[in-house]
Amino acid sequence: MAERRKKQTHGLASEILSFGELLSGAMFFVMPFLQRPYEWSTSEVSEMIGDLLAASNANYKNYMLGQIIGLRGPNKDIEIVDGQQRLITVAIILAYLRDRLGGRGAAFDGDLQTCILAEGRPRVTPRPVDALFLRDLFQARDSGTRLAAALATVEKEMKEDKERYEARANNPQALMLNTARVVRLRLDGLAIDALQKFAEFILDRGIINFIVADDRTQAAILYRSHNIRGRRELSTADLMKLEAIENTGLDAQFKEKVARSWDAAEDSLGRTLFAELLEMLPLLVTREPTKRPGDLDEWRTRVFSAVKAETVILNMLPLYAGMMTQLLSGEVEADCRAEEDRRALEETNSLLKGMLFLRDRHWIAPAIAILYTHREHPRFLLRYFRGLERLCFACFFDAIKSEKRHQRFARIVAAGDDETLLAAAFDLGADEKQIVSRRIREPFARYNWHQRAMAARANAACAGGRSFGQQEDVSVEHILPAKHCATWAGNGWTEDGVKASCNMLGNFVLLTKAQNNKAAQKTLPEKLEVYFNTAGAPVHAITQDMRGATVWTEAQIRERTERLVRLLLAYWNIAE
C-alpha cells in the first residue's frame, strides 16, 4: 500500500505553460497522418480571439485555453493527439502580430518569430498536404506579401464568384485563409500599443495544460476522457491509422499513397463502420481474436506480424471494406455457374437481410473472412450463412451471453472452410437450444426492433427462407392491438389478456407503415381489408398466413405462435 502512494509518472507528464513558453522551448509540434484536416470556421476563430481580447482588456492574470495532448516523437517532435485546431490558429494569429508589430524592438520581434519558426523549421507543422501552404503564407519571415495577395483573391471571389468560393470554403487551406481574414477583421482596428499588449498577453498569460504521453494507448485513453473545446472526436480508426502508417516501418515514399488508400476505404464505409472493420483486422489476418481489445500496440503487432503493412492497407483493407458494404446492403455477389448456385445465393442474401434487423454485428468478421476466400462457392456460402444466422439469433435470444460472443464468432473464423470444425463452431449446446425454444414462444415486449426482427424472421420461414421484405418500409402490425381498446373489449378481450398475448409472435404481421397506421385499432374484418386490399402494397408471407381468419382469440394466437416457432426451429435444425 505504501508503494502505491509513492510518486509515479504513469507514462504521462503534465505542465501548465503559456503559449510563449510552449512555442519557444525545445519542442516542435507535428500533426501525424491520423489527424483530420484543419476545420475551424469563422465562429470558432472569432470566439477564441474575442475571449483573449476580453481577458487582455480586463488584465486577467491568465486565461486558460484548454489542453493540448501530445505523444513523444523522435528528436524534439511532439505528435499532436489533440490541439491541432488551436495550435494552427495561434500560429496564424502570431504571424499577423509579427507582421504588424515588426520593428517594436529586436527582442520582441525575436520572441514572436521564435514562436513561429526556429532552427529553420516551423514550430507547428500541419498534415503534409497543408504544411507547405502554412509555411509559405504564414510562417516564413517574408510571407506577408504572398498572404495579402491570397486574401485579395479570396475577397474578390466572395464578391464576384460566390459559387466557386462556397465550393472551396471547407477546404482546410481555404479555412486557414478564412482564419487570417477573421484575425484581420477583429484586430486591424487595434492601435499598435493595444495590439502589442494583446500579443504580450497571448505569449505570457494565454495558458494551456500541456500533457505528453509516452505511448499511444495512454494518449488515446487520455484524449477520450476529456471534452475539449474545438474537439472533434478521434475515432479508433484515426488512432489505428497512426499505428499502421507511422509505426510499421513504412518507407516515406509509401506513406502518402497508403494514407490516401486508407482514407478512400474509410470514406466508403464512414467513420463508425470503418472503425469496426479495423477492430476486426487482427481476427481476419491471424484468425485469432485480440487478447486486450483496444490495445493499439497489440493491434499493430497482430495485424502486421505476418503481412506487410502496405499489403494490408493497399490490398486487403479496400477488399474488406467492399465486402462489408455488400454485407450491410444484404446483397453479396458470388460466382453462380448453375441455377442451383443462383438459388443458393438468393437464399444467402435473404438470410443476410434478416441478420441486418439485429443490432449485434459480431457476424460481420466471419462473413468477411468466408467471402474473401469462397465467393466462387455459393452453395458452401449458404451452408455457412445458415449456421451463422442461427448463431446470431441465439445471441438475439440471449442464449449466448454477450461476454462469450466474441470468442464464439472468432471460433468460426478460425475454422476457415473445414466443415467439421465449422459444424462444431456453429452448434448450440443443449441449454442454449432450450433457451431459444423458450424465448421464441414468449412475448417480445421490450423493444420495437425485437418485434420487427422476429416478425421478419418468421416471414422468411413462411416463405421458405427466401423473403425478409424491404427494411425501409416494413413495420410490425399487432393483429390484437397492443393497447386495450373498446373495439376489442367487445370481443371478450380483457386488459390482462391483451398484455399476455399481444406481443407474442403469433400476433404479428408485416405491413407498410401507411397500412399499419390505417389498421390501428380496427376490428379484425376491417384489419383484414387493409392487409389484403390496399392497392400497391405487398402482401408478406406472414400476413398472407392470416387470410381466411374470422375471429381472433388467445387460443388462436398461441396456436399460430407454435406453428411459426416449429417452422423456425426446423429451419435452424433445433430439435426439442
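The values are calculated or read from the model by the stated rules, or taken from the named source; none is laboratory data. Just so you know, these numbers come straight off a predicted model, no measurement behind them. Cβ atoms come from the backbone with ideal geometry, glycine included; neighbour counts cover every protein chain shown.
Values computed for the structure shown
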| quantity | calculated |
| --- | --- |
| Selected residue (only one of 175, 190, 185, 203 is touching a Phe, Trp or Tyr at 6+ places or on another chain (Cβ under 8 Å) and over 24 Å from residue 110 (Cα atoms)) | 175 |
| Residue 484 being more than 30 Å from residue 280 (Cβ to Cβ) and in contact with a Cys (Cβ under 7 Å, 6 or more places away or on another chain) | no |
| Any pair with Cβ under 6 angstrom, 6 or more apart, that starts in region 254-276 at a residue that is under 11 Å from residue 313 (Cα atoms) and ends at one that is surrounded by fewer than 17 Cβ atoms within 10 Å (Cβ to Cβ) and modelled with pLDDT under 85 | none |
| Residues of region 120-132 satisfying the condition of being outside any helix (DSSP H, G or I) and in contact with a Phe, Trp or Tyr (Cβ under 8 Å, 6 or more places away or on another chain) | 121, 122, 123, 124, 125, 126, 127 |
| Any pair with Cβ under 7 angstrom, 6 or more apart, that starts in region 83-95 at a residue that is touching a residue at least 12 places away in the same chain (Cβ under 8 Å) and ends at one that is part of a helix (DSSP H, G or I) and polar (S, T, N, Q) | 89/179; 91/139; 92/179; 95/139 |
| Residue check for residue 477: surrounded by fewer than 21 Cβ atoms within 10 Å (Cβ to Cβ), modelled with pLDDT under 95 and either assigned by TED's automatic domain parsing to the domain that holds residue 500 or not in a helix (DSSP H, G or I) (or both) | no |
| Candidate set: region 297-320, residues that are among the charged types (D, E, K, R) and assigned to a helix (DSSP H, G or I); chosen: the one modelled with the highest pLDDT | 302 |
| Verdict on residue 310 being of a type outside the set (A, V, I, L, M), over 30 Å from residue 352 (Cα atoms) and either touching a residue at least 60 places away in the same chain (Cβ under 8 Å) or not assigned by TED's automatic domain parsing to the domain that holds residue 128 (or both) | yes |
| Selected residue (only one of 530, 539, 509 is crowded, with 16+ Cβ neighbours inside 10 Å, in a loop (DSSP other than H, G, I, E, B), touching a helix residue (DSSP H, G or I) at 6+ places or on another chain (Cβ under 7 Å) and aliphatic (A, V, I, L, M)) | 539 |
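Residue-wise test of (1) over 19 Å from residue 182 (Cα atoms); (2) modelled with pLDDT of 90 or more; (3) not in a strand (DSSP E or B); (4) not acidic (Asp, Glu).
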position: 64; (1), (2), (3), (4): yes, yes, no, yes
position: 70; (1), (2), (3), (4): yes, no, no, yes
position: 74; (1), (2), (3), (4): yes, no, yes, yes
position: 92; (1), (2), (3), (4): no, yes, yes, yes
position: 95; (1), (2), (3), (4): no, yes, yes, yes
position: 104; (1), (2), (3), (4): yes, no, yes, yes
position: 134; (1), (2), (3), (4): no, yes, yes, yes
position: 152; (1), (2), (3), (4): no, yes, yes, yes
position: 155; (1), (2), (3), (4): no, no, yes, no
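Let's see how each residue does on (1) within 28 Å of residue 188 (Cβ to Cβ); (2) touching a Phe, Trp or Tyr at 6+ places or on another chain (Cβ under 9 Å):
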residue	(1), (2)
41	yes, no
46	yes, no
50	yes, no
57	yes, yes
61	yes, no
66	yes, no
69	no, yes
74	no, no
